[in-house]
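Values quoted throughout were computed directly from the atomic coordinates according to the rules given, and no laboratory measurement underlies them. Note that this is a predicted model, so its numbers are computed, not measured. Heads up, the Cβs are rebuilt from the backbone with ideal geometry, glycines too, and the neighbour counts pull from every protein chain shown.
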Amino acid sequence: MESNLAERRNVSAKNLIGYLFCSPYLIFTLVLWLYPFLWGIVISFKKWNLISPRQSWVWLKNYLDVLKDPMLWVMVRNSIYFMVVFTTLTTITSLGLALLIKQVPKKYTGFFVTGFLLSYVSSGVAYSMVFNLLFAGDGLVNNLLKTIGLKVGWFTNPKIAMASIAMIVCWKFTGYYGLFFLAGLNNIDPTLYEAAVIDGANAWQRFKKITVPLLNPTFIMIIVFATITSFNLFTEPYMITNGGPMNATRTMMLEIYHRVFALLQAGYGSALAIVSAIITFGFVWTFRKLFERDDLYDV
Amino acid sequence: MKRILFVLMVSVLVIAMAGTGLMASTTIEFWTAPNPFQEAFWSEVVKEWNSTHPDQQIKWQVIPAGHSSEEVILTALATGTGPDLSTNIFTGFAAQLIENDYLVPFNQFDGFEELLKARAMENIVKKGWGHHGNYYVLPLYTNPMAYWWNKDILDELGVDVPRTYGDVLKLGAQYNDPSKNKYTLLVRYEPAWWDRWFDFCLSYLANSGGKPYWDEEKVLFNDEHGLKYMEFIDQLFRKQYAPIENFQDPLQKGIVLGSIEGPWNINYTKEAYPEFNYVIAPPLVPDDYPADQPIHSFADTKGMVMLTKDKRKQAVAWNFIKWFFSDIRHDVKWLEMTNMLPSREDVLERKEFAEYLSGNPELAEYAKLLPYAVPPALNSKTIELQTKLNEVLWEPVIYGKKTPAKALSDAEKELNKIIKQ
């Protein structure tokens, strides 16, 4: 009986130490995530201009205004357009990168991975300005295209402006997503390839029948991350196109920022943020349902 | 015992003095525009003030980086980290701040009227900067906007500086060649709300003889003046006389022949493109605009506001304002360091300015436009209105999605909805 009590005390002490170690993260989450999130929900039911102490309850009006605003569907369309281009491009480039790095001798892998990760850690504001100059009417890219008689309004043609933004974001994420693919590739049992070679499978068949199916969890993770990135897109359109031309690069994050900090519509902005979160969750959930497989290792 | 008594007396005196504020130094936060020339100017001015007023200190900084000063100031106010005194405030933004009870009216302070007279800005302030009988902003500078034309190419082509829309279209037919990056006129197509000041608002003022494009009650631009300008814009883009791609300094590089510019670009152009030869001209007008009538322009004009509610800080801020605005040396220095025209009625008359202007002929051209430079139309919803103007009028015409008449009519409806909200 006594030994049980001592054991329980011991467990409690261990738990307390565990909680103490976790507390910085828990406090951080409570203060900087949960509180703003709950406050955001409260504001979404209010009419508040952000700089005035006057706040009044309007309940669901902000949500109705958001849903009635045709701009919401323009932004959803833009995000889907971005998502399709970005996910396709980034999957190809980052998987290609991972496959290339896999061929590099192990002692050099770190060097290449770090090199490709640099784009991910560089400042969004800085590289947006650089790309804006590169893709300008008299920028390097158009000057090269001029030699074959072409000129492209990368950020001024409403039909391709979002695709241009997607290319820049792809440049940023290729190294980062490449790391996930590299980890996924390293997890595939090499004996599977050896058996396939013995069975006479060529490189393409091995890639299609072994690599792609076994990378399914990585593909799902990339799709989830890319979907969230698509609906959270802000820095690049903010710096380069400011939502234009003809609202072609207007995203929900840009609109939330504009509504709250330029037009002082904090209630509307918060309601749009909640709606945006729900839409993003809806897309992520649907993709997981459609593509996620849990029978990968079933025999 | 005597020593103890002495220490006690000194302590009591120190406490009493501190209590009455005699020894306390008051510091105010002062924000100015994020512009390198203005930064250099304010750095010197604040240094001079701080060295001569040890008990009334100013902690100065430029407005932190952001998409616009307005957004940064609003964010700072929302988080309680805003300044006590700030420059770079236009009338519409001031009205927005007034409605939210952030600004302090200057006319409540002693010496307000005398200050207006001392700086020769009584008419400017009372005609364009009042708000329901109070004055919350003191204008710092007035930049009339004007067209710059590439003189060398115009001379080569043997044509005069364009005055009307017809002149530009004729010039376009003679010169334009998009395949060689040769365009006639730069028209800003960016969706930033403030860009509409420098094209639609400016041109409406020019065509209408200075009539405002909206007021606090309704939109006024859906008339022949607005239509003539938007038809001109429509033609420019349909004929590709204006580039749709973005370029770095297209005028100075010879990609476009003309462009709307502010005087702040004079120094930059002189330094970056010393060979560039240009002519400064008033805004373009329709073909039937009388030749003997003066042409109005938009005035990019910003002022200083007081945001602190603390009486001690207000006193320091007002002392600084009086010291700054009542001394013409500061305006001369401002002109010399920033190349922007101070908001004074006597810029063209005072010898202090004449000397500088005679050595700076480009700025002197801008100074000639001062009497016809009109500040932004007053409305506290300026940012929202100009955002919508871009969405409903400007971009649909530029991209050929609507006729100018339809776009104007739609814009009138949409903007009136915002005004009446």
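What the table below lists for this structure:
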| item | result |
| --- | --- |
| Segments B:93-99, B:114-120 sorted - mean Cβ within 10 Å per residue, highest first | B:93-99, B:114-120 |
| Between the range B:321-366 and the range A:1-48, the alpha-carbon center distance in angstrom | 63 |
| The range A:2-44 - Kirkwood radius from inverse mean 1/r over Cα pairs (Å) | 12.6 |
| Lysine pairs meeting the criterion (Cα under 14 Å, 8 or more apart or interchain), as found in the range B:351-421 | 4 |
| Spacing of the two label points (7 Å from each Cα toward its C-beta) at B:Glu48 and B:Ser25, in nm | 2.1 |
| Rel. contact order, % - alpha carbon contacts under 8 angstrom, at least six apart, the range B:107-187 | 13 |
| Contour minus Cα-Cα distance for A:Cys22 and A:Ile278 (0.36 nm per residue) | 89.2 nm |
| Number of partner chain Cβ atoms within 10 Å, mean per residue of B:381-393 | 2 |
| Under 14 Å, Cβ to Cβ, from B:Phe198 - net charge with Lys/Arg +1 and Asp/Glu -1 | -3 |
| Percent RCO, i.e. relative contact order, over the range B:191-268, from Cα pairs under 8 Å lying at least 6 residues apart | 19 |
| Rg to Rh quotient for the range A:79-219, alpha carbon positions, Kirkwood Rh | 1.07 |
| Förster-model FRET efficiency, 56 Å R0, A:Phe37 and A:Val104, C-beta, rounded to 0.05 | 0.85 |
| Formal net charge of residues neighbouring A:Trp57 (Cβ-Cβ distance under 9 Å; K, R +1; D, E -1) | +2 |
| Relative intensity, log₁₀ I(q)/I(0), of the protein assembly as shown from a Debye sum that treats every alpha carbon as a point, q = 0.07, 0.10 Å⁻¹ | -0.63, -1.13 |
| Efficiency of FRET from Cβ geometry, A:Val212 and B:Glu156, R₀ 41 Å, rounded to 0.05 | 0.05 |
| Label-to-label distance, nm, for residues given as B:His132 and A:Arg54 (7 Å Cα→Cβ offset) | 1.0 |
| Kirkwood estimate for the range B:209-296, i.e. one over the average of 1/r between Cα atoms, Å | 15.9 |
